[in-house]
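Structure first, then comments.
Nothing in this text is a laboratory measurement; each read-out follows from the coordinates by a stated rule. Please read these numbers as outputs of a predicted model, since none were measured by experiment. Neighbour counts are summed over all protein chains in view; Cβ atoms, including those assigned to glycine, are modelled from backbone coordinates with ideal geometry.
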Amino acid sequence: MARLITLIPGDGIGPEVAEATVRAVDATGAALEWERVEAGARALAEYGQLIPDEVFASLEVTRVGLKGPTATPIGGGHQSINVALRKKLGLYTNFRPVRMLPGLPTRYRDLPLDLAIFRENTEDLYSGLEHEVVPGVVESLKIITRNASLKIARACFEYARRESRRKVTAIHKANIMKLSDGLFLKCCREVAPQFPEVLYNELIVDNACMQLVMRPETFDLLLLPNLYGDIISDLAAGLVGGLGIVPGANLGDHHAIFEAVHGTAPDIAGKGLANPTALMQSAVLMLAHLGERQAAARLHQAIYQVYAAAEHLTGDVGGHATTSEFTDAVIRAIAHIPARQAV
Ligand code: NAI
């Protein structure tokens, strides 16, 4: 029986990259069925709700979603949909693997980069607790809890054990925020000894930024509270060619939403120019999560082959192909990878 997946195409280039990804996933032969629901600016315009009830109703049944980017106004207006979904569904782990694709002319292309970021996803300065104390003075509350910090630390170390990764680096600013980042660090230190086979070290966030730019190959798994995780995720994406490429997953105990790191790219929306690689790579993570290992491996290999050939790449990575030309190339590559050989 086909497994039902909630598809949230989103805003801007979201519907374009979502449609491309659905075509590629369907070409792998994975037994999936898509339930399309709207969230974001379009949902607000059509149904008067940013996250209509049917989004949660669908995710309650499917437990797994694939999501395109959604627009969030800056400096006012509604709360981020991503933040709302992550909090409501308890998606406490934001997981972002960062690997080099073949053939991309990035500064770091000769380095063996293989990092993964574990970012706490539900609290910190993203709690949305801001207020004006007196005119001209505002406060934004940074919430760090023992519960959420232990959960993300365990998720990171358990992944390290499962995937035989060598090192976890906790990133913080506990020299200044002694209580909040101090608690985060304390929780990491509590979990680390339970995984003696994994090396553990700590870096202050500003130093971590410099080290990531100068010696990115020395990093393995990065463990961070929400805000530093958000910023360093984009820094790390920049090491391997940018936001159009790297995948993301929001994972909780009961639900998982897979989504690209990039935004709605209003400058190119509707022009057929968007790069769907990031959402396709997120779909690879989703297929693996669903136990569809063959399909995950076929899609992963097909994307790598299209990059290695460099004939059908989109403009953001130096090519001239449209979204659908790139997608067609991925689908052709999938057809040439026998299911049995893909592991
Ligand atoms: P953005 O990621 O949308 O765009 C930054 C630059 O990267 C633009 O030049 C854009 O054309 C390019 N770009 C991004 N994705 C691309 C792709 N797949 N293919 C080719 N080029 C791509 O970031 P920006 O402009 O800061 O945000 C625009 C909107 O997206 C905002 O409303 C923001 O809140 C929202 N956003 C949503 C996210 C989500 O839903 N996960 C994440 C980040 C931003």
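Quickly estimate the mean residue ellipticity at 222 nm for the chain, helices only: each DSSP H run with n ≥ 4 gives -39500 (n - 2.57), and the total goes over all residues, rounded to 500. Don't skip to the end; give the middle numbers.
Details: 11 runs with 135 residues, N = 343.
So the calculated ellipticity at 222 nm is -12500 deg cm²/dmol.
Filter the cross-link list LYS87/LYS178; LYS67/LYS87; LYS87/LYS186 down to pairs whose alpha-carbon distance in this structure exceeds 20 Å. List each step's numbers first, then the result.
On the way: LYS87/LYS178 25 Å; LYS67/LYS87 16 Å; LYS87/LYS186 23 Å.
In this structure, LYS87/LYS178; LYS87/LYS186 exceed 20 Å between Cα atoms.
I need the semi-axes of the equivalent ellipsoid of region 1-107: take the C-alpha gyration tensor, multiply each eigenvalue by 5, square-root it, list largest first in whole angstrom.
Working: eigenvalues 115, 83, 42 Å².
Taking √(5λ) for each eigenvalue gives 24, 20, 15 Å, largest first.
Dividing the alpha-carbon radius of gyration of region 273-343 by 2.2 N^0.38 Å (N being the number of residues), what value is obtained? It would help to have the intermediate numbers written out before the result.
Numbers: Rg = 12.0 Å, N = 71, 2.2 N^0.38 = 11.1 Å.
That works out to 1.08 for region 273-343.
Over the Cα atoms of the chain, what Rg and Dmax result, in angstrom?
Cα only, the chain: 19.9, 66 Å (Rg, Dmax).
Can you sort MET214, MET100, MET1, MET286 from fewest to most other Cβ atoms within 10 Å of each residue's own Cβ? Write out the running numbers ahead of the final one.
On the way: MET214 8, MET100 19, MET1 5, MET286 28.
Going from least to most buried by this count: MET1, MET214, MET100, MET286.
Taking the alpha-carbon centroid of each part, what is the distance from region 118-137 to region 190-211 in angstrom?
26 Å
Is region 95-237 rounded, prolate or oblate when judged by the Cα gyration tensor, a ≥ b ≥ c being the square roots of its eigenvalues, rounded requiring a/c under 1.5 and prolate requiring a/b larger than b/c? Could you put the intermediate results ahead of the total?
Working: a/c = 2.23, a/b = 1.40, b/c = 1.59.
Oblate, because a/c is 1.5 or more while a/b does not exceed b/c.
Treating only the Cβ atoms of Lys and Arg (+1) and Asp and Glu (-1) as charged, compute the dipole magnitude of the chain about its Cα centre; round to the nearest 20 debye.
On the way: 33 positive and 38 negative charges, 220 e Å.
Result for the chain is approximately 1060 debye, rounded to the nearest 20.
Share of antiparallel DSSP beta bridges in region 95-237, in percent to the nearest 5?
Details: 10 of 23 bridges.
So the antiparallel bridges amount to about 45 percent of the total.
Mind checking which aspartates and glutamates have their Cα closer than 17 Å to the Cα of LYS173? Skip sequence neighbours fewer than 8 apart in that chain.
GLU120, GLU123, ASP124, ASP181, GLU202, ASP206, ASP230
Quick one: order TYR108, TYR92 by neighbouring beta-carbon count within 10 Å, fewest to most. Numbers along the way, then the final one.
Numbers: TYR108 16, TYR92 23.
Ascending Cβ contact count within 10 Å gives the list TYR108, TYR92.
What share of the DSSP beta bridges in the chain is antiparallel, in percent to the nearest 5?
On the way: 18 of 44 bridges.
The antiparallel fraction comes to roughly 40 percent.
Quick one: if the Förster radius is 25 Å, what FRET efficiency do ALA335 and ALA308 give, using the C-beta to C-beta distance and rounding to 0.05? Display every interim value, and only then the final one.
Values: r = 17 Å, r/R0 = 0.67.
After rounding to 0.05, the efficiency reads 0.90.
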